[in-house]
Ligand SMILES: *Cc1c(COP(=O)(O)O)cnc(C)c1O
């Protein structure tokens, strides 16, 4: 009898007891709004920002309502205006072009390589089309950040990094989110910290961060922040920066503070799982494992592989057979967006030209979540099932 997997791909670990206690303590005070603090009290949100800035090695941090909010706030904070063009990845998630559209700007899509990172040759070719790049480290894959920054610095392009899948990852030892002018993170349930909804921006530029704080809905209470620029910096921006409310609250901050202390250990645990699946898949005929560059320290909270140049029917057959054995795979190549998968040409509000090389890669990307509720044995089983089913469809020719 063939093996079956019975785990749940959307089941994260429970919120730690210590975090639950911290949340209950906040609720008992009744003071949930970030600026509602007792005399002498810093508040969970300000403390979280201070701790997050320290953890990421950034001067400033701002906690906000979601990752998508962080991205839009970042665009506004660096002065992106309606009608401006913004370079971004063709392979990313809908909230990224959505953030660009939300400020009235227009995405210019840059292709994806077989390594699942932004195509730097395509970026160089399009560098004269925009002054801003919203770089999405989609599914945790980091491009050659040294070359990317060279291209962008030479062309005067400001970089905003979407680190929704790279919180804790590094390129040549530098934490993801610290190369660009702003790094954005999500603390939505499926990311590396879980507060249901939530996000962060980090930044070293005082003017930009002051604008982000004002934008997030600080009223004139910015002096209650512990990881923000000095009050003088706000004097220059406070009358000209609209309040576009998107604050974090103490309840979510309380559970994030506890989780943040454990981030490195959790990243190691994701990578243990990732490597078991990766080892189990390597060498499967017809299947391309995404080899990770030496300079990249990734966080394997999901895994991707390519069924490159397979027909749609055969890929669908693999997915169907795996699902019948309890293995939920997602396919980014489908013509119709489904679940969280969608492609650049399904965002019809944004103009796009056909990108044959990118389409070839997108058509072959298969994706699987690796929640920490899976054991290493689970991961070995997942790899055996995928290997067997890909093999069966491949051999049938
Ligand atoms: C989740 C995600 C976002 C947005 O985060 P939310 O907190 O859900 O708004 C942005 N980019 C990528 C790549 C994501 O996966």
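Once C-alpha pairs closer than 8 Å and six or more residues apart are averaged by separation and normalised to the residue number of the chain, the relative contact order reads 22 percent.
Applying 1/(1 + (r/R0)^6) with R0 = 41 Å to the Cβ-Cβ distance of residue 323 and residue 235 gives a FRET efficiency near 0.10. The residues 374, 340, when put in order of fewest to most other Cβ atoms within 10 Å, stand as 340, 374.
For the chain, the Kirkwood estimate of the hydrodynamic radius, built from every pair of different alpha carbons, is 21.8 Å. What whole number of Å gives the distance from the Cα centroid of the range 209-257 to the Cα centroid of the range 34-61? After rounding, the separation between the Cα centres reads 11 Å.
Looking at the range 17-260, the DSSP beta bridges with both ends there are about 50 percent antiparallel. Stretching residue 220 away from residue 94 to a fully extended chain increases their span by 42.1 nm, per 0.36 nm per residue minus the current alpha-carbon distance. Against the chain, whose longest principal axis is taken from its Cα atoms, helix 44-56 shows a tilt of about 60°.
If R0 equals 30 Å, the separation of the Cβ atoms of residue 392 and residue 288 corresponds to a calculated FRET efficiency of about 0.95.
For the range 241-397, averaging the sequence separation of C-alpha pairs within contact (under 8 Å, six or more residues apart) and dividing by the residue count gives a relative contact order of 33 percent.
Working from Cα positions, state the angle (0 to 90°, nearest 10) between the long axis of helix 206-215 and the longest principal axis of the chain. Computed tilt is about 90 degrees.
With neighbours defined as other Cβ atoms within 10 Å of a residue's Cβ, the residues 321, 147 order from fewest to most as 147, 321. To the nearest ten degrees, helix 17-29 and the longest principal axis of the Cα atoms of the chain are 30 degrees apart. Each DSSP beta bridge with both residues in the range 35-178 is either parallel or antiparallel, and the antiparallel ones are about 20%.
Residue separation of residue 6 and residue 380 scaled by 0.36 nm, minus their Cα-Cα distance, works out to 133.3 nm of gained length.
Spin-label model, residue 114 to residue 204: label points 7 Å out along the Cα-to-beta-carbon direction sit 3.6 nm apart. Annotation for residue 149 and residue 15: the two label points, set 7 Å from Cα along the Cα-Cβ direction, are 3.6 nm apart. With a ≥ b ≥ c taken as the square roots of the eigenvalues of the C-alpha gyration tensor of the range 157-207, please select rounded if a/c is under 1.5 and otherwise prolate if a/b is larger than b/c or oblate if it is not? Taking the square roots of the gyration eigenvalues as a ≥ b ≥ c, the range 157-207 is oblate. Shape verdict for the range 263-396, please, from the Cα gyration tensor: rounded (a/c under 1.5), prolate (a/b greater than b/c) or oblate. The shape class here is oblate. In terms of the Cα gyration tensor, with a ≥ b ≥ c the square roots of its eigenvalues, is the range 211-312 rounded because a/c is under 1.5, prolate because a/b exceeds b/c, or oblate? The shape class here is prolate.
Computed extension length for residue 311-residue 101: 72.3 nm, one decimal, from 0.36 nm per residue of separation with the Cα-Cα distance subtracted.
Quick note: the coordinates plus some simple rules give every number you see, no bench work behind them. Quick caveat, the model's predicted, so the values are computed rather than measured. In this analysis, Cβ positions are derived from the backbone assuming ideal geometry, glycine residues included, and neighbour counts consider all displayed protein chains.
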